[in-house]
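The values are calculated or read from the model by the stated rules, or taken from the named source; none is laboratory data. Every value quoted in this text rests on a predicted model; they were computed, and no experiment measured them. Ideal geometry is used to build each Cβ from the backbone, glycine not excepted, and the neighbour counts take in all protein chains shown.
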Amino acid sequence: MKIILHSYNLELKHTFTISRESRDFQPSLIVELNDGNFKGFGEATSNLYYNITVENTTEIILKNLPFIESLSNEKPAVFWKKLAPLFKKNMFALCALDMAFNDLNARKKSKKLYEVWGFDISNNPMTDYTIGIDSINKMVSKMKELPWPIYKIKLGTKDDIAIVKELRKHTDAIFRIDANCSWSVDEAIENSYQLKKLGVEFLEQPLKANDFEGAKKLYNNSTLPIIADESCIIESDVEKCFGLFHGVNVKLTKCGGVTPGKRMLEKAKSLGLKTMVGCMTESTVGISAIAHLLPLLDYVDMDGSLLLKKDIATGITINNGIISYSDKNGTGVTLL
């Protein structure tokens with residue numbers, strides 16, 4: 001098995017702004033695993049919040065290249081377990097490798113990844129579409145540019161309620177709010193009452209990631225469900241979120257791939273938590289992997305490829321929130 005790395009600087013359709021940053025490009029690394037007969041693909045984006053770059057992701061993969069390439073005959077769970085100790089400082093790199101290995105393994109079995117897992121895809125949820133922070137007029141314009149049944153709205157400004165009130169005038173779509181750790185406890189409680197009246201479904205990570213005391217107060221007083229994101233990174237975080245959040249948003253890049261991500265979702269469901277997977281503005285490579293976890297999810301935010309000016313791969317397709325699988329095996333990805 002050989003590893004081939006492809007780096008890209010993905011240009012976005014619009015400047016993407018959340019409470020802590022803005023960007024026009026998303027650097028991304030595609031990992032290709034090639035055994036001579038089949039290819040598997042995985043993706044790791046850069047992320048300043050977690051100190052991840054394409055450069056340090058590339059460096060750690062190359063540092064461990066001979067060992068990784070020697071594991072071609074392992075089962076995916078064993079492959080992940082053997083690599084995990086080496087990638088504690090860069091779970092994004094582990095994610096790309098794990099994603100590519102699961103893709104490769106499924107292709108060798110002549111099955112789609114969800115078929116390898118024995119999943120029923122008949123009740124898959126629809127994906128939302130994200131509206132980043134901008135002027136109210138531009139946020140309305142972005143929404144009108146792509147009419148959608150569910151919008152995820154990024155907030156974290158002085159005018160958050162005014163923004164949602166204005167957006168609500170232009171659509172009857174479901175709204176989901178992501179404040180990316182920018183609200184205080186009292187602000188989040190108050191906002192929950194106002195936002196519920198505006199057709200909001202849930203609040204995602206309104207408080208700072210380590211504010212567990214605040215999370216408990218919010219959990220007990222919010223009129224809307226609260227979904228953990230930055231507070232739920234790795235597998236051990238799922239149990240920590242029980243009693244503090246109503247659900248968890250698992251990011252594959254943060255937890256180290258589809259192998260631990262699947263375990264996190266199954267654990268969350270066993271605890272009665274709502275389950276969600278989110279994206280990090282990946283291309284269709286990363287987004288296609290997410291699609292195979294849909295049967296485990298209540299909600300999904302896998303619109304990353306829709307935010308790009310130009311994609312780098314084919315795989316799953318999304319039409320008005322509905323996800324359709326590729327006819328190819330594995331995750332269904334082909335690099336363009």
Flag for Y299 being hydroxyl-bearing (S, T, Y) and either assigned by TED's automatic domain parsing to the domain that holds P27 or crowded, with 21+ Cβ neighbours inside 10 Å (or both): yes
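Do we have I227 as assigned by TED's automatic domain parsing to the domain that holds D303 and touching a helix residue (DSSP H, G or I) at 6+ places or on another chain (Cβ under 8 Å) here?
So I227 fails the test.
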Taking the range 1-41 and the residues there that are hydroxyl-bearing (S, T, Y) and in contact with a Gly (Cβ under 6 Å, 6 or more places away or on another chain), the one that is nearest to R107 (Cα to Cα) would be T17
Selection over the range 302-316 where residues are out of contact with any strand residue (DSSP E or B) (no Cβ under 7 Å at 6 or more places or on another chain) and surrounded by fewer than 19 Cβ atoms within 10 Å (Cβ to Cβ) yields a count of 1
Going through the range 35-56 in order, the residues found to be surrounded by fewer than 17 Cβ atoms within 10 Å (Cβ to Cβ) and part of a strand (DSSP E or B) are none
**Asked** Just wondering, is there one or more residues in the range 89-110 that are surrounded by fewer than 21 Cβ atoms within 10 Å (Cβ to Cβ) and either at pLDDT below 95 or under 21 Å from the mean Cα position of the chain (by Cα) (or both)?
**Response** yes
Residue hits (the range 94-136; among the polar types (S, T, N, Q) and in a helix (DSSP H, G or I)) are N102, N105
(1) in a helix (DSSP H, G or I); (2) under 23 Å from L307 (Cβ atoms); (3) in contact with a helix residue (DSSP H, G or I) (Cβ under 8 Å, 6 or more places away or on another chain) all hold for V31 apart from (1)
* Asked: Residue check: is D128 under 20 Å from the mean Cα position of the chain (by Cα), modelled with pLDDT of 95 or more, surrounded by 18 or more Cβ atoms within 10 Å (Cβ to Cβ) and among the acidic types (D, E)?
  -> yes
What about F202, is it among the aromatic types (F, W, Y) and touching a helix residue (DSSP H, G or I) at 6+ places or on another chain (Cβ under 9 Å)? no
Counting only residues in the range 145-162 that are within 24 Å of the chain's Cα centre (by Cα) and not in a loop (DSSP other than H, G, I, E, B), the one surrounded by the fewest Cβ atoms within 10 Å (Cβ to Cβ) is identified as E145
Note on E32: of the conditions (1) modelled with pLDDT under 95; (2) acidic (D, E); (3) buried (at least 18 other Cβ atoms within 10 Å of the Cβ), unmet is (1)
The number of residues in the range 282-295 that are surrounded by fewer than 22 Cβ atoms within 10 Å (Cβ to Cβ) and in contact with a strand residue (DSSP E or B) (Cβ under 7 Å, 6 or more places away or on another chain) is 1
